[in-house]
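So the structure is just underneath, and the comments pick up after that.
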C-alpha cells in the first residue's frame with residue numbers, strides 16, 4: 001500500500017506545533033508494517049535541515065495560477081534519513097520561504113502547494129493508494145482530484161483528511177477561485193460554507209474518510225467546530241477518532257542527547273533530580289522546590305492568556321513554595337505580562353521563543369506539567385511529560401480526557417474542569433499535596449513512565465482506516 005502524507009509541517013524539517021511531530025512519526029512507524037510504503041510531501045523551506053541534507057530533483061514543471069505561471073520543482077531527500085521518503089515542493093516566489101505560516105498570501109501558497117503536488121503526480125503517472133491530507137492546508141486535494149479534469153489520472157484515489165485543529169479552517173473570498181485549476185461551475189457548492197471558500201469544510205465533504213486526533217476531540221467536534229458542527233453530523237458515517245502517538249525513539253530519556261543526564265525507569269528519581277538541579281541552576285531557581293512547567297504557543301486555545309494570573313496567584317497563595325517555568329511565545333500581551341512577572345518573582349523563569357533542546361530538558365526536569373487548554377484536539381505534551389516521569393496537570397478536554405485520568409480514579413495526573421485561573425491554581429494545590437507525599441509522588445513518576453503512547457498502536461489504527 002502506497003501512502004502519501006501531505007502536510008505543511010514535518011519534524012525535524014519544519015515545526016510550528018504538534019502537526020510536525022505527527023507527520024514526522026506516523027509514516028516512519030507505518031513503514032515498519034509489511035507491505036506499507038508511506039512518504040511525506042511538504043513545501044520547501046529555507047531551513048537548516050534542507051541545507052544539511054542531500055536532495056535530488058525528481059520533477060521540474062509549471063503550473064498556472066490566474067495569469068501567472070509558476071515553476072514547480074519536486075526534490076527527494078536522498079538518504080531516507082527520517083525513515084521514509086521525503087519530498088519537498090519548491091515554487092519560487094511562493095514556496096521558497098523561511099517559515100510555514102504568517103504570510104499575507106498564504107492562501108495562494110497553500111493552493112499552489114496542492115496544485116503543484118497533483119500536477120507532479122499526474123505528469124509522472126504516480127498513483128498512490130491513499131492521499132492523507134493533514135489539516136485545512138491540504139483540504140482541497142480531495143475536491144481537486146475528483147473535479148478538476150487536469151488531474152483525471154488521480155480520480156478515484158482514496159483520500160483521508162485528518163483534523164489536527166479545527167479552530168483553523170482557511171476561509172477564502174471567492175476571488176481566490178482565479179487561482180484554482182479549472183473545474184465545472186456546478187461543483188462550486190462543494191467549496192462553499194457560509195458564503196466563503198472553506199478548505200476544511202471542503203475536505204469533510206469530499207474525502208472518503210476523516211478523523212480527529214483523539215476520540216474525545218471527535219465527540220467535541222459534533223458539538224463545537226466553529227460553525228461546521230452540522231457538517232460533521234451530516235458526514236458522521238465517515239468520521240473516526242484515532243489518538244496520536246509519540247515517537248519513542250526521539251522521546252526517550254535513556255538516550256535523549258538533549259539531556260544533561262539520561263535515565264530510565266530504574267533510576268528515574270535520581271535522573272530527574274540531576275536534570276532538575278542543572279536546569280534550576282541555569283535559570284536561578286531553587287531545585288528543592290517543586291517545579292511546574294508550561295511548554296507551548298501563547299494562544300487562546302492553549303489557555304495561555306490565563307498564565308499570568310496563574311503564575312501570580314499560585315506564587316501568592318503558596319507564599320512562593322514552588323517554581324514555575326514557561327517556554328513559549330505567541331500573543332504579545334501575554335509575553336509582556338509574563339516578562340513583567342519574571343522580573344518580580346525569583347521563582348518564576350521565562351524563556352520566550354521555542355527551543356527544541358530546552359523542551360526536552362524541561363520535561364525531564366519538571367515535577368508537573370501544566371496544560372490549561374480550552375481546546376486540545378490530542379495534545380502531545382502530556383505524553384512527552386509522562387514518558388519522562390512528569391505528572392500532567394490538565395484541563396479535562398479533548399485528547400487530554402483520553403490520555404490523563406485523575407489520580408483520584410487511579411490515573412496518572414490531575415484534572416480540572418474549567419479553563420480558568422482559579423481551577424488551574426486549585427489543581428496546582430492538589431499537586432503540591434501529592435509532591436509532599438513522597439511515596440505517592442515517587443510511584444507516580446514510575447507508573448507514568450510505564451504508559452505506552454508509542455506510534456505502533458496508532459499506526460495500526462491508521463492502517464485499518466486506509467484498508468477500509
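Read-outs: derived from the displayed coordinates by stated rules, not from any lab. These numbers come from a predicted model, not from an experiment. For neighbour counting, all protein chains shown are included, and Cβ atoms are generated from backbone atoms with ideal geometry for every residue, glycine included.
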### Summary
In degrees, nearest 10, the alpha-carbon axis of helix 307-317 is tilted away from the dominant principal axis of the alpha carbons of the chain by 10 degrees
### Global form of region 140-237, assessed from the alpha-carbon gyration tensor, a/c cut-off 1.5
oblate
### Message
I'd like the per residue volume of the convex hull spanned by the Cα atoms of the chain, given in cubic angstrom.
### Response
143 Å³
### Task
Give me the angle, in degrees from 0 to 90, between the Cα long axis of helix 106-123 and the longest principal axis of the Cα atoms of the chain, rounded to the nearest 10.
60 degrees
### Sum of -39500 (n - 2.57) over DSSP H runs of 4+, divided by residues of the chain (222 nm, nearest 500)
-10500 deg cm²/dmol
### Query
Could you work out Rg/(2.2 N^0.38 Å) for region 390-468, with Rg from alpha carbons only?
1.34
#### Entry: Angle in degrees between helix 455-467 and the longest Cα principal axis of the chain, rounded to the nearest 10
30 degrees
### Task
For region 268-452, just run the numbers: alpha carbon Rg, then divide by 2.2 N^0.38 Å, N being how many residues it has.
0.92
### Query
Can you give the Rg to Rh ratio for region 1-87, taking only C-alpha atoms and Rh from Kirkwood?
1.00
### Summary
Assertion target for 426, 64, 115, 333, ordered by fewest C-beta neighbours within 10 angstrom first, is 333, 64, 426, 115
### Task
Please report, largest first and rounded to whole Å, the three semi-axes of the ellipsoid equivalent to region 351-428, where each semi-axis is the square root of five times an eigenvalue of the C-alpha gyration tensor.
20, 14, 12
### Mean projection area, nm², convex hull over Cα of region 35-157
8.0 nm²
### Peptides ranked, highest mean first, by Cβ atoms within 10 Å: ranges 313-319, 55-61, 367-373
367-373, 313-319, 55-61
### Task
Based on the mean of other Cβ atoms within 10 Å per residue, sort peptides 120-128, 212-220 so the most packed one is first.
212-220, 120-128
